[in-house]
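The values are calculated or read from the model by the stated rules, or taken from the named source; none is laboratory data. The structure presented is a predicted model; accordingly, all values stated were derived computationally and were not measured. FYI the Cβ positions are ideal-geometry reconstructions off the backbone, even for glycines, and counts take in every protein chain you see.
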Amino acid sequence: MLKLRRTVSLVLLGGLCALASMAQQPLTSDEVAYLVDSGLTFNRESERSVIFSETITVEDATWLRLYFSEADLSGAPENGQAAAVRITSLADGAVQTLDAKSMEQWQRSSAYFNGDAVRVELIADPGAAPSRIRIHELDAGRLDPATADRSICGALDDRVLSADPRVARIMPVGCTTWLINDAQSCFLTAGHCNNGNLSVVQFNVPLSNSNGSVNHPGPEDQYPADPSSVQFANGGVGNDYAYYGTFPNSQTEMTPFEVQGQTFVLGTPPLVPGGETIRITGYGSVDGTQGTPQTWNQVQHTHNGPIVGASMSSLQYAVDTTGGDSGSPVINHLTDEAIGIHTHAGCSAGGGANNGTSLNLAALQNVLAAPMGVCIDGPPLLRVTLDNVLPTLMPPAGMDISIIATDRDADPVSLASATLFYDDGSGEQSVPMLQPALRGLPDGMYVGTLPALTCGQDVTFRVEAEDQGGTVVHHPFSADNTLSNTYRRPVAFGTDETFRDDFETDQGWTVGDDPALGAGTWERGIPAGYGLRGDPPWDADTSGSAYLTFNSGGNTDVDAGATRLTSPTLDATGSDPHIHYWRWWDDAGTSDDVFTVEVSDDNGASWTTLETVGPTVTGEWVYRSFRISDFVTLTDQFKIRFTASDLGDVSLIEAGVDGVSLSNGPSGLLCDLIFADGFELGDTSSWSN
């Protein structure tokens with residue numbers, strides 16, 4: 001058995017995650033850069049074996065969750081050989097095993113593991129193709145004394161522990177969700193819980209520790225949400241809901257309903273209060289101030305009370321809740337039917353009422369009638385993903401572009417057709433994409449070849465695929481998930497760049513926010529929102545990461561102010577320096593908000609506008625290039641900054657930046673190859689032999 005170990009480095013990325021507003025109770029954690037690379041390795045033994053093992057430890061962490069930048073577990077499907085990742089908590093022995101399918105459903109992340117250490121193993125069958133895993137980041141739980149964010153209706157917290165199998169906890173946002181009796185037994189919760197942290201649904205949650213720090217159930221009780229299924233509104237009291245589904249469990253291969261066995265029947269809410277008794281069951285917090293043990297923090301509680309107000313859109317009730325109860329079912333105590341979604345606090349020791357969205361709300365009924373993603377009752381949906389990482393520069397000789405076609409469960413799909421469209425400045429052309437005949441390549445793979453391309457130009461390309469049932473999809477999709485965008489790459493042998501940043505590492509950018517900024521600060525990372533609200537579904541240069549506004553929140557929205565992203569100091573004293581970058585701006589509002597790009601020649605003491613984008617723009621990655629001397633003096637004190645602002649009344653602002661570079665020419669591209677002996681390969685039209 002071959003066992004390999006690789007160097008591991010640990011770097012603290014950021015401080016404690018801030019508490020969310022309203023009745024959420026998000027986990028407190030550190031984002032930690034933790035780099036693990038198994039290398040490309042394979043099993044030389046005659047039986048299924050561990051081919052790589054690494055123990056990850058973060059001192060004083062209360063729990064860990066891992067994020068993979070690469071997980072090549074394809075194996076050799078025609079012979080049944082495969083690879084998998086096995087993660088084991090050293091605290092309680094909980095185990096999660098992820099194969100290629102479940103790894104994608106978990107969006108290259110793991111379940112939550114109790115304790116400060118896990119063992120990560122790469123396992124492979126004999127004869128399986130070489131495999132590789134790379135971990136780039138993890139979340140490490142930190143102790144944060146419980147703050148109940150109380151909405152207790154009176155002097156005492158009268159909630160009691162409960163164990164309703166239909167009700168679950170959402171992590172890391174810290175909300176409540178519940179199974180419903182639709183065709184696929186999907187979930188409802190509060191819309192404000194879908195801030196990008198609607199990631200993992202947990203059932204059968206154990207008691208917390210005596211200091212209030214939460215514990216997690218085993219991976220067999222944790223389910224990854226399907227981003228393509230989410231439909232939601234976050235419009236305040238009476239218009240706050242989310243409808244979505246999860247993938248099956250990676251350990252049991254069963255859905256939440258198959259394991260839990262029960263769902264809520266959706267009942268009819270009253271239009272006027274009639275003395276009905278309702279029940280709220282959720283995962284609210286406790287702070288220990290009323291004698292409630294800290295072990296009850298963010299575990300399941302319940303309390304009964306009367307409805308005191310009702311309308312077509314909202315419900316009001318005198319029932320105890322706290323932070324973490326957002327999304328809980330509002331249950332008719334007599335019929336046990338769910339009639340609403342708990343969303344907003346309002347109670348206090350002096351009285352008042354808590355608030356929820358009524359199931360009478362027409363918009364909520366409309367989305368329940370039009371499920372998406374895994375919530376659809378019917379044939380699997382077609383999905384297309386790019387299989388190869390695109391180079392920064394496309395080779396003039398052309399290259400193969402490969403895609404993987406799967407259904408919504410990540411199973412391979414046989415296509416009726418797949419076409420690669422490309423344009424290098426001479427008009428859009430098309431080539432068919434075919435299944436390769438080579439053995440050992442994944443099912444569902446299709447390959448198309450970009451022919452010789454015009455050096456010094458940009459090439460754009462996109463893919464259109466159709467399955468046997470007539471479903472047509474585009475890749476890359478646009479912000480509305482239906483129309484086709486394009487990838488864009490320069491064509492060249494190389495560049496004369498003096499600076500390039502694809503944001504995979506920290507090269508010294510700084511972020512500055514207005515004091516009044518409510519949300520949306522610039523953050524570096526892999527896009528988390530998956531294009532659900534006009535935010536980037538992926539980065540521009542396919543390296544993985546980009547700078548995005550409020551990426552850890554998943555929706556990239558900027559609220560009530562401006563956030564500024566500023567480069568490190570650069571040397572722009574070359575012969576003819578140009579600045580290049582990709583930008584994303586989506587403004588679905590009606591205000592005059594804009595995205596501003598500025599440059600400085602005095603290390604940021606003064607700024608000159610390079611371009612202003614907006615106000616109303618549909619989001620897409622746009623490549624821009626400017627001659628620096630047209631705007632500022634050429635100095636070695638050059639900086640560029642990007643400002644995303646939400647200063648109007650009604651705006652949904654989504655912004656991104658990627659692939660910033662500084663070159664010594666207009667394009668920064670080289671169309672000649674110069675060899676070590678001085679021989680230059682360029683125009684070959686006059687060659688003879």
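A few notes on this one:
- Filter result (under 19 Å from residue 271 (Cβ atoms) and among the acidic types (Asp, Glu)) within the range 335-367: 337
- Hits in the range 597-619 (condition: touching a residue at least 40 places away in the same chain (Cβ under 8 Å) and in contact with an Asp or Glu (Cβ under 8 Å, 6 or more places away or on another chain)): 597, 618, 619
Residue by residue, here is whether (1) surrounded by fewer than 24 Cβ atoms within 10 Å (Cβ to Cβ); (2) at pLDDT 95 or above holds:
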position: 303; (1), (2): yes, no
position: 321; (1), (2): no, no
position: 325; (1), (2): no, no
position: 329; (1), (2): no, yes
position: 339; (1), (2): no, yes
position: 344; (1), (2): yes, no
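- Within the range 28-42, the residues that satisfy the criterion of being at pLDDT below 85 and among the polar types (S, T, N, Q) are 28, 29.
- Taken as a whole, the range 250-258 holds no residue that is in contact with a strand residue (DSSP E or B) (Cβ under 6 Å, 6 or more places away or on another chain) and without any contact (Cβ under 8 Å) to a residue 40 or more places away in the chain.
- Whether a residue is assigned to a loop (DSSP other than H, G, I, E, B), surrounded by fewer than 21 Cβ atoms within 10 Å (Cβ to Cβ) and of a type outside the set (A, V, I, L, M) was assessed, and residue 573 passes this test.
- Checking the range 438-445 against the condition returns a match, with at least one residue being modelled with pLDDT of 85 or more, within 30 Å of residue 225 (Cβ to Cβ), crowded, with 17+ Cβ neighbours inside 10 Å and of a type outside the set (Gly, Ala, Ser).
- Test result for residue 188, touching a residue at least 40 places away in the same chain (Cβ under 8 Å), more than 19 Å from the chain's Cα centre (by Cα), surrounded by 24 or more Cβ atoms within 10 Å (Cβ to Cβ) and within 30 Å of residue 50 (Cα to Cα): no
- Test: residue in the range 81-95 that is over 23 Å from the mean Cα position of the chain (by Cα), in a strand (DSSP E or B) and surrounded by 23 or more Cβ atoms within 10 Å (Cβ to Cβ): yes
- Among the residues listed as 616, 596, 635, the single one being over 26 Å from residue 488 (Cα atoms) and of a type in the set (S, T, N, Q): 635
- The range 500-522, subset within 11 Å of residue 564 (Cβ to Cβ) and acidic (Asp, Glu), residue farthest from the chain's Cα centre (by Cα): 514
- The strands (runs of 3 or more DSSP E) found entirely in the range 605-659 that carry 2 or more residues being hydroxyl-bearing (Ser, Thr, Tyr) and either outside the structural domain of residue 507 (by TED's automatic domain parsing) or farther than 26 Å from residue 391 by Cα (or both) are 608-613, 639-646.
- Residues within the range 201-216 that are assigned to a loop (DSSP other than H, G, I, E, B), closer than 18 Å to residue 261 by Cβ and in contact (Cβ under 8 Å) with a residue 40 or more places away in the chain, tallied: 2
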